[in-house]
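No lab work stands behind these numbers, since they all come straight from the coordinates. Note that the structure is predicted; figures quoted are calculated from it, not measured. Every residue, glycine among them, receives a Cβ derived from its backbone with ideal geometry; neighbour counts consider all protein chains shown.
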Amino acid sequence: MTGSPELKKSPLHERHVALGAKFAEFGGWEMPLEYSGVVAEHTAVRTSVGVFDVSHLGKATVKGPGAAAYVNACLSNDLGRIAPGQAQYTLCCNERGGVVDDLIAYLHADDDVFLIPNAANTAEVVRLLQADAPDGIVVQNTHDDYAILAVQGTNSDEVVAAIGLPTGHDYMSFAVADFSGTPVVVCRTGYTGERGYELVVPNAAAVAVFDALLAAGSEHGIVPAGLGARDTLRTEMGYPLHGQDISPDISPVQARSGWAVGWKKEHFWGDTALRAEKEAGPARILRGLQAVGRGIPRPHMSVFDVAGGALGEVTSGTFSPSLKKGIALALLDAAVKEGDQVTVDIRGRKESFDVVKPPFVTVNVREG
């Protein structure tokens, strides 16, 4: 695949071509799906280290007096729980309580918040924040100004430290460091469950940082990893994907993401609907499914009880390279409990699955 002119490309696109990447469309961007193969890249992250180009992820700034308080009045989580230098997973909800997007908020200061939404939703998140912004608060879409590199795996500390960037800080905290005269934001977070870092890099320095990471990681067996492996890794951890496990029609209460809602806050977008749903109890709940046999579930496959009654559908499903079996997240009738057994219609065959609590795997994350 040589590329589609209508799709945006990462500043690292030519590097990916040279590395033999296979590409796919993600949120309007042409991004690497895989290089050496999804299973090999997945395994490298679980056992050593991999580097992902996730530059398709959105970037936006909210600046001005009271910027943090404004963001806190809009997005679901309580930004007051964290201090400058920390980041927070949060949700942008609609008035029905559905999820317009999930994103990471980086709190630089009371007057400076950096947001990382999903690629396809960045423009809408920015539009919503701009529409409600009081005088003095400036919301800017900086989607095309930065690359984001995710270094993930057991040896991520060694690789990041080897190129002169800080490591060892607490989970969901970040530092701004210098790389050859360019400021780079280094946040200890990721979407794989493994110890790792996400680096926010100005476009002009993206190639130099990428090359340095691959060189520094060679002794640890670093591999470039595509978004195919990122998806199997996040599914093993039970992390939701917007548009599948959460969406404008799937609330955080249904998705078991109520921990990302600041219930004690006076107000946030969608709070009335979410409080009512929490009080009444949701009609459906996101559950984990693990194959008893060899069935591999995929999104939108129907789920049934053992008597054949309809329960819901798979939202995310894949083959787990770590477990060597099929796993899924599924939005099911709230009566379904962990420990139950259900069936999934896989191309006309009813395959048995156990209802389990994610994550599906245990990872070894070093502290400190």
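Tabulated results
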read-out: Placed amide H near residue 169: partners under 5 Å, 5+ positions off or other chain; value: none
read-out: Gain upon complete extension [residue 337, residue 325; 0.36 nm per residue less C-alpha separation]; value: 2.2 nm
read-out: Sequence of 315, 142 once ranked by neighbouring C-beta atoms within 10 Å, starting from the fewest; value: 142, 315
read-out: Highest-fluctuation residue, 55, 156, 218 considered, GNM on the chain with Cα pairs under 10 Å; value: 218
read-out: Relative contact order for the chain, counting Cα pairs under 8 Å that sit 6 or more residues apart, in percent; value: 18 percent
read-out: Net lengthening on full extension, residue 83/residue 25 (0.36 nm per residue, minus Cα-Cα); value: 17.3 nm
read-out: Max mean-square fluctuation residue, GNM over the chain, Cα-Cα springs under 10 Å, options 37, 238, 196; value: 37
read-out: Percentage relative contact order, region 1-101, counting C-alpha pairs under 8 Å, at least six apart; value: 15 percent
read-out: Amide H partners (placed H, <5 Å) of residue 58, local residues excluded; value: 118, 119
read-out: Centre separation in Å (Cα based) which lies between region 293-368 and region 132-157; value: 33 Å
read-out: Under Karplus coefficients 6.51, -1.76 and 1.60, residue-wise ³J(HN,Hα) of region 9-15 in Hz, glycine/proline x; value: 10, 5, x, 9, 3, 5, 5
read-out: Of 339, 153, 97, the one that fluctuates the most in a GNM where the chain has Cα springs shorter than 10 Å; value: 339
read-out: MRE, 222 nm, helices only [DSSP H, n ≥ 4, -39500 (n - 2.57), over the chain, to nearest 500]; value: -6000 deg cm²/dmol
